[in-house]
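Novice: Please see the structure below; I have some questions.
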Amino acid sequence: MATTITPATLTSTIQEDITLNGYAKGMTVTHSIITVGKSYNRIMEVGRESTPILLLGTTDSAGQIIGDEMKYFRITNVDDTNPLQIQFQYASANNWVHRIGPGETFILMSNQSAANAHNTTAGTLEDITSIHGSSMGELGVEVELIAITV
């Protein structure tokens, strides 16, 4: 199958602005990923029970991307009150959990990232089989996510 999609470059910029005692201490960090050919974008609500947010496998299908091709993942808790808990599940049965506060964002910029959970290496981003989320408050949480693949 021939594609009509022209690969592009994703540029992610993080800017920090702070002045302490009259001195600017902020910084701008720019990261680019070349030959991006696919993106998965979604805004969804997750409840108190663990909800699959993204599946990673060997095929590109509904709600699933090819894990070996993922180069960038961002999830933002767009809720203004409740924290979000995300859980990275690995084929090794190890999991890694991270809390994202209201209005906060979590970003992975490499498929070579590694996680350590309870003194056991969970694996690299390439080893993730799914990402789940759950609200840590009384109500559901709205989240926005983007996953970029080559």
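The values are calculated or read from the model by the stated rules, or taken from the named source; none is laboratory data. Just so it is clear, the model here is predicted, and its values are computed rather than measured. Here Cβ is always computed from backbone atoms with ideal geometry, including for glycine, and neighbour counts include all displayed protein chains. Heavy atoms of the whole protein, side chains included, go into the accessibility calculation; ligands, DNA and RNA do not. Shrake-Rupley method; radii C 1.70, N 1.55, O 1.52, S 1.80 Å.
Novice: Keeping every protein chain present and rolling a 1.4 Å probe, give me the accessible area per residue for the chain in Å².
Specialist: Normalised by residue count, the accessible surface of the chain is 59 Å².
Novice: Karplus couplings for the stretch 54-61 from phi (6.51 cos²θ - 1.76 cosθ + 1.60, θ = phi - 60°), rounded to Hz, Gly and Pro as x?
Specialist: 8, 9, 10, x, 9, 10, 8, 8
Novice: Would you mind pulling out the separation of the Cα centroids of the stretch 35-52 and the stretch 59-89, in Å?
Specialist: Each part reduced to its Cα centre gives a spacing of 5 Å.
Novice: Let me ask something else about it. From the gyration tensor of the Cα coordinates in the chain, what semi-axes in whole Å does the equivalent ellipsoid have, largest first, with each one equal to sqrt(5λ)?
Specialist: Gyration-tensor ellipsoid for the chain: 25, 23, 17 Å.
Novice: Follow-up. Where the accessible area of the chain is counted over protein heavy atoms with a 1.4 Å probe, how much of it, in %, is carbon and sulfur?
Specialist: 50
Novice: Right, another one. Between THR9 and VAL29, what's the calculated FRET efficiency when r is the beta-carbon distance and R0 is 22 Å? Round to 0.05.
Specialist: After rounding, the FRET efficiency stands at 0.85.
Novice: Have a look at GLN85, GLN64, GLN15 and tell me which one the Gaussian network model of the chain (Cα, springs below 10 Å) gives the largest fluctuation.
Specialist: Looking only at GLN85, GLN64, GLN15, the biggest GNM fluctuation is shown by GLN15.
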